[in-house]
1. So which residues in region 191-211 are assigned to a helix (DSSP H, G or I), open to solvent by less than 40 Å² (accessible area, probe 1.4 Å) and without any contact (Cβ under 8 Å) to a residue 40 or more places away in the chain?
2. Across region 77-110, what is the number of residues that are more than 10 Å from the chain's Cα centre (by Cα), aliphatic (A, V, I, L, M) and open to solvent by less than 30 Å² (accessible area, probe 1.4 Å)?
3. Hey, can you tell me all the residues within region 212-234 that are open to solvent by 50 Å² or more (accessible area, probe 1.4 Å) and in contact with a Gly (Cβ under 7 Å, 6 or more places away or on another chain)?
4. Filter region 85-115 down to the residues that are over 22 Å from Val20 (Cα atoms) and among the hydroxyl-bearing types (Ser, Thr, Tyr) and list them by number.
5. Working only within region 13-33, note down all residues that are closer than 26 Å to Leu101 by Cβ, open to solvent by less than 60 Å² (accessible area, probe 1.4 Å) and among the aromatic types (Phe, Trp, Tyr).
Amino acid sequence: MRGLWKMTWTECKLLMREPVVVFFTLIFPLMMLFLFGTIYGNKPNPMFGGYGSVDVSVPAYAAMIIATSSLLSLTIQIAAYREHGILRRFRATPLHPGTILAAQVIVIFVITTAGMVLLVVAGKLVYHMRFAGNWLLVLIAFVLSSTSFFGLGFVLASVLPTTRASQIVAMVLFYPMLFLSGATIPRELLPENLRRLAEALPLTHVVTLLRGLWVGDPLGRHVKEIAILVALLGAGAAVSSKTFRWE
């Protein structure tokens with residue numbers, strides 16, 4: 001445990017020195033919240049089931065943070081570590097390989113959670129955001145969504161040969177999901193054909209699950225989303241355990 005704690009703390013300090021990661025995980029979602037909160041306010045809207053724009057945007061932006069942390073931060077960082085020989089040097093230390101990877105996951109999860117907490121606090125203080133769900137269920141859904149996407153991030157980091165390839169592939173996957181899944185633009189505003197297309201994107205199910213539980217949907221209404229995310233987590237763990245390379 002001591003080795004895990006030291007490794008996690010070191011990785012945490014290194015991550016906080018990455019301005020791009022800090023900006024897109026902690027600051028950019030707040031900018032989105034304040035920008036669209038200023039434009040649309042948070043008055044109840046029939047299009048959002050009687051909730052306001054901010055009420056439904058906060059869980060959607062949380063999904064955006066999960067995708068950012070997983071596809072951009074985790075994938076690119078692991079690929080860069082391998083390309084620069086850092087993973088190989090880590091493996092030569094007395095630390096167990098699982099400790100090294102666990103530290104990466106913990107740090108990414110902590111900064112993802114911090115981004116969500118900032119959103120919730122800002123939404124509550126500035127826009128009097130409404131919440132009708134169960135915090136425990138939302139937290140479980142957040143953990144499931146995060147770990148499912150971390151699995152996807154590890155798969156990409158495992159199979160892509162270089163940092164540059166990781167950046168390109170991660171962005172190709174990230175941006176369509178960002179704009180079609182409802183993470184930035186409410187899907188109610190998209191044409192029907194794009195909404196059907198978005199059903200094939202895993203981030204859509206994160207947005208649907210978090211947003212549904214946020215407004216008090218019963219858990220049974222989201223069995224499909226939970227099953228898809230559990231399957232994504234299982235597939236990610238299985239594939240990355242077979243394909244992960246230290247050098």
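The values are calculated or read from the model by the stated rules, or taken from the named source; none is laboratory data. A quick note: this is a predicted structure, and the numbers were derived from the prediction, not measured. Neighbour counts run over all protein chains shown; Cβ positions are idealised from the backbone, glycine included. Surface areas here come from the heavy atoms of the whole protein model, side chains and all, with no ligands, DNA or RNA. Shrake-Rupley method; radii C 1.70, N 1.55, O 1.52, S 1.80 Å.
1. From region 191-211, those assigned to a helix (DSSP H, G or I) are 192-198, 202-211; that's our starting set.
Of the ones still in play, those that are also open to solvent by less than 40 Å² (accessible area, probe 1.4 Å) are 198, 202-210.
Listed by number, the residues that qualify are Ala198, Thr204, His205, Thr208.
2. Step one: list which residues in region 77-110 are more than 10 Å from the chain's Cα centre (by Cα), which gives 77-107, 110.
Adding the requirement that they be aliphatic (A, V, I, L, M) leaves 78-80, 86-87, 92, 95, 100-103, 105-107, 110.
Narrowing the set further to residues that are open to solvent by less than 30 Å² (accessible area, probe 1.4 Å) leaves 78-80, 87, 100, 103, 107.
So the answer is 7.
3. Arg221, Leu233
4. Thr93, Thr99
5. none
Here is a yes/no grid of residues against (1) part of a helix (DSSP H, G or I); (2) open to solvent by 30 Å² or more (accessible area, probe 1.4 Å); (3) under 14 Å from Gly115 (Cβ atoms); (4) in contact with an Asp or Glu (Cβ under 9 Å, 6 or more places away or on another chain):
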| position | (1), (2), (3), (4) |
| --- | --- |
| Glu11 | yes, no, no, no |
| Leu35 | yes, yes, no, no |
| Thr38 | yes, yes, no, no |
| Tyr61 | yes, no, yes, no |
| Thr68 | yes, no, yes, no |
